[in-house]
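Asks: Before I ask anything, let me first share the structure, which is written out below as structure tokens.
The values are calculated or read from the model by the stated rules, or taken from the named source; none is laboratory data. As the structure is a prediction and not an experimental result, all values here were calculated from the model. Glycine gets a Cβ as well: all are built from the backbone with ideal geometry, and neighbour counts include every protein chain shown. For accessibility, only protein heavy atoms count, side chains too; no ligands or nucleic acids. Shrake-Rupley method; radii C 1.70, N 1.55, O 1.52, S 1.80 Å.
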Amino acid sequence: MPRRSKGARLQLKGSRRDKNGKVTHQATWIIRDNGRDVSTGCAPDEIALAEERLRDYITSKYTPKRRVRHIDVIAVADVLSIYLDAQLDKLRSRFKVEFENEDTIPDIRKFKKRIERLNVWWGAKMLGEVNGEACRSYTRKRVKRGGARRDLEDLRAAIGHHADEGYHREIVKVSLPEKGEPRDKWLTRSDAAKLIWTCWRYREMQKGSRQPLDELKVPTSKRPLRHLARFILLGIYSGTRAGAIAAASPIPALGRSYVDLERGRYYRLKQGAVKTNKRQPTVPIPLRLLAHLRRWHRIDPGAKHFVEYNGKPVSSVKTAFRTAVRLVGLGPGISPHTLRHTAATWLMQRGADPWQAAGYLGMSLDVLLNTYGHHHPDYLSDAVEKIAKRGVGPLQKTSRDQLTPHFASHEIAL
């Protein structure tokens with residue numbers, strides 16, 4: 001009887017030497033699969049990377065069935081795999097990236113992690129097992145309700161894509177946890193000023209001595225948060241999302257959000273990118289921000305982006321932003337997206353026209369009014385004015401006999 005295959009697995013292949021004992025081939029991890037050896041290119045101490053290469057190999061080797069079947073025999077792993085392939089093709093074309101470089105794009109990297117997280121929990125289940133109780137169990141396991149909802153939205157989209165492709169005909173419902181309350185964290189002008197100045201002045205602290213008992217740290221000449229000061233100014237005065245701020249550039253090119261310094265226009269949608277439901281309209285740049293942008297370009301005309309760290313564009317400022325918030329002492333709940341909340345709040349507080357404010361921020365009028373409308377000085381002002389007036393309006397002309405029995409039988413004294 002033939003021996004059962006062990007499947008694809010990692011194996012450490014030792015180094016090889018010539019007749020003189022000189023090493024000709026370094027030790028490396030390989031993938032053994034039914035007598036076939038596939039190189040991972042990973043050294044012995046790169047076990048985590050080798051395991052990732054093994055997962056990619058197994059994923060690429062497996063091809064889910066693409067034909068109509070009943071939901072009781074369709075693995076959720078197949079549904080997620082088909083959806084992953086379709087969405088990655090769209091994201092690659094949207095960001096103009098090759099397969100080898102796709103993990104450098106935050107949107108692609110986060111999407112793949114969400115699908116991988118879903119696959120761990122749902123992959124072995126059949127599509128017919130997806131129901132409300134299973135979704136609630138996943139939410140409890142995930143702990144964070146917002147994160148669970150985002151994951152389950154991907155699962156719902158994957159199932160919808162599977163049905164649209166004609167691979168199943170039954171109805172499968174995904175139960176989502178309730179949405180959380182909209183965040184209303186925003187910075188005062190004083191908080192914003194403290195944050196910017198802290199980022200600009202902060203110096204990296206290092207131990208002044210290599211002695212193990214010497215814990216004293218002294219400031220160095222390195223200023224690791226200065227790029228964040230520019231990021232904050234762009235975020236507060238333009239209300240732009242973090243990705244478009246990081247891509248903002250005075251030089252037009254694919255994958256960049258072009259800032260026209262001569263005409264004062266901010267083309268927030270990256271060149272070559274496809275429009276999504278995240279609105280990124282072209283907007284005029286406030287004069288105060290435009291002055292900063294022109295000055296930054298004069299200081300370093302060769303810079304390809306306004307926000308760079310060590311001469312390279314940033315993909316995320318979450319870690320640096322967390323450090324700055326801690327140094328200022330602003331408390332929990334403040335993130336780079338808070339800058340967008342701040343811009344919307346300031347516009348409402350200063351009485352901006354809601355329709356124009358929504359267009360400037362790139363959000364719907366309903367979202368603006370529902371989330372930030374209470375900051376507007378005219379919020380419910382007409383109702384407040386009318387409720388406080390006495391003896392004015394149609395009630396003055398109504399006789400006591402015309403009132404309902406309830407009001408006619410009770411005296412109202414104010």
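Asks: Within the range 230-265, count every residue that is under 21 Å from His337 (Cα atoms), touching a helix residue (DSSP H, G or I) at 6+ places or on another chain (Cβ under 6 Å) and not hydrophobic (A, V, I, L, M, F, W, C).
Replies: Here the count works out to 4.
Asks: To continue, here is another question. Report, by residue number, each residue of the range 252-268 that is under 21 Å from Glu308 (Cβ atoms), assigned to a loop (DSSP other than H, G, I, E, B) and in contact with a strand residue (DSSP E or B) (Cβ under 8 Å, 6 or more places away or on another chain).
Replies: Going through the range 252-268, the residues under 21 Å from Glu308 (Cβ atoms) turn out to be 252-261, 266-268.
From what is left, the residues that are assigned to a loop (DSSP other than H, G, I, E, B) are 252-253, 255-256, 261, 268.
Correct list: Pro252, Ala253, Gly255, Arg256, Arg268.
Asks: Follow-up. Is it the case that some residue within the range 224-234 is open to solvent by less than 70 Å² (accessible area, probe 1.4 Å), of a type in the set (Val, Ile, Thr), out of contact with any strand residue (DSSP E or B) (no Cβ under 7 Å at 6 or more places or on another chain) and over 30 Å from Trp186 (Cβ atoms)?
Replies: No, every residue in the range 224-234 fails to be open to solvent by less than 70 Å² (accessible area, probe 1.4 Å), of a type in the set (Val, Ile, Thr), out of contact with any strand residue (DSSP E or B) (no Cβ under 7 Å at 6 or more places or on another chain) and over 30 Å from Trp186 (Cβ atoms).
Asks: Would you check if Asp72 is open to solvent by 70 Å² or more (accessible area, probe 1.4 Å), of a type in the set (D, E, K, R) and at pLDDT 85 or above?
Replies: Values: open to solvent by 70 Å² or more (accessible area, probe 1.4 Å): yes; of a type in the set (D, E, K, R): yes; at pLDDT 85 or above: yes.
Yes, satisfied.
Asks: Please work out if Thr240 is under 24 Å from Leu368 (Cβ atoms), open to solvent by 40 Å² or more (accessible area, probe 1.4 Å) and at pLDDT 90 or above.
Replies: Judged against the criteria, Thr240 is not a match.
Asks: Which numbered condition trips up Lys275, out of (1) open to solvent by 40 Å² or more (accessible area, probe 1.4 Å); (2) in a helix (DSSP H, G or I)?
Replies: Going through the list (1) open to solvent by 40 Å² or more (accessible area, probe 1.4 Å); (2) in a helix (DSSP H, G or I), Lys275 breaks only (2).
Residue-by-condition table, conditions (1) touching a residue at least 60 places away in the same chain (Cβ under 8 Å); (2) among the hydroxyl-bearing types (Ser, Thr, Tyr):
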| position | (1), (2) |
| --- | --- |
| Thr282 | no, yes |
| Gly302 | no, no |
| Tyr309 | yes, yes |
| Leu339 | yes, no |
| Ala357 | no, no |
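Asks: Hey, another quick one. Out of Gly351, Gly373, report the one residue that is at positive phi, free of Cβ contacts under 8 Å to residues at least 60 places away in the same chain, open to solvent by less than 40 Å² (accessible area, probe 1.4 Å) and not β-branched (Val, Ile, Thr).
Replies: Gly351
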